[in-house]
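**Q** Sharing a structure with you now.
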Amino acid sequence: MYQINVRVKEIKKAIEWYKDILGLNVQKDHGKTVVLGQEKGIPVCLIEKDSHLPLPDNLEGTHPVFIISSNSVEYCKQSLMDQGVTVLEGGSEGHFKFRDLDGNLLEAYLPGLYEEDRFKPYR
């Protein structure tokens, strides 16, 4: 099984953000490590970092990528922006980056965006 790990500053605030903004539910709570997810999909493991350690800036490196469905491509980006989420410019409606409340870089991606002709308008 795969999972996405995200380091956060305050676990309780992060849990609420991932629940409210991304619609994830708590699956396992181990205190400073909490696994969230949906019935289908890859779990997101939030890990509270030690207060003396900085969060890494992952703009140039790897970052978690969330798959969005083709029937909600345009809605997804607008919904994030409407909720005050920082959405970074430079991506299409089907492929864009955004930041969580701690500034962690995340990405929304429409599977097949570059492979399937039906998604050409979203490139």
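The values are calculated or read from the model by the stated rules, or taken from the named source; none is laboratory data. In this text, all values refer to a predicted model and were calculated from it rather than measured experimentally. So basically every Cβ, Gly included, is an ideal-geometry build from the backbone, and we count neighbours across all protein chains shown. Side chains are part of the model used for accessible areas, which takes the heavy atoms of the whole protein and leaves out ligands, DNA and RNA. Shrake-Rupley method; radii C 1.70, N 1.55, O 1.52, S 1.80 Å.
**Q** Collect the residues in segment 11-33 that are open to solvent by less than 100 Å² (accessible area, probe 1.4 Å) and touching a residue at least 60 places away in the same chain (Cβ under 8 Å), keeping them in residue-number order.
**A** Matches in segment 11-33: Ala14, Trp17, Tyr18, Ile21.
**Q** A further question on this structure: Going by what's in this entry, would Ser69 be described as under 28 Å from Asp117 (Cβ atoms) and surrounded by fewer than 13 Cβ atoms within 10 Å (Cβ to Cβ)?
**A** So Ser69 fits the description; yes.
**Q** Is it true that some residue in segment 43-56 is modelled with pLDDT under 80 and surrounded by 12 or more Cβ atoms within 10 Å (Cβ to Cβ)?
**A** Yes; the residues of segment 43-56 include at least one that is modelled with pLDDT under 80 and surrounded by 12 or more Cβ atoms within 10 Å (Cβ to Cβ).
**Q** Let me ask something additional. Step by step: first the residues of segment 103-123, then only those that are open to solvent by 30 Å² or more (accessible area, probe 1.4 Å) and in contact with a strand residue (DSSP E or B) (Cβ under 8 Å, 6 or more places away or on another chain), then the one that is modelled with the highest pLDDT. Which residue is that?
**A** Tyr109
**Q** Mind listing just one residue for me: the one in segment 77-93 that is of a type in the set (A, V, I, L, M, F, W, C) and open to solvent by 30 Å² or more (accessible area, probe 1.4 Å) and, of those, modelled with the lowest pLDDT?
**A** Of everything passing the filter in segment 77-93, Leu88 is modelled with the lowest pLDDT.
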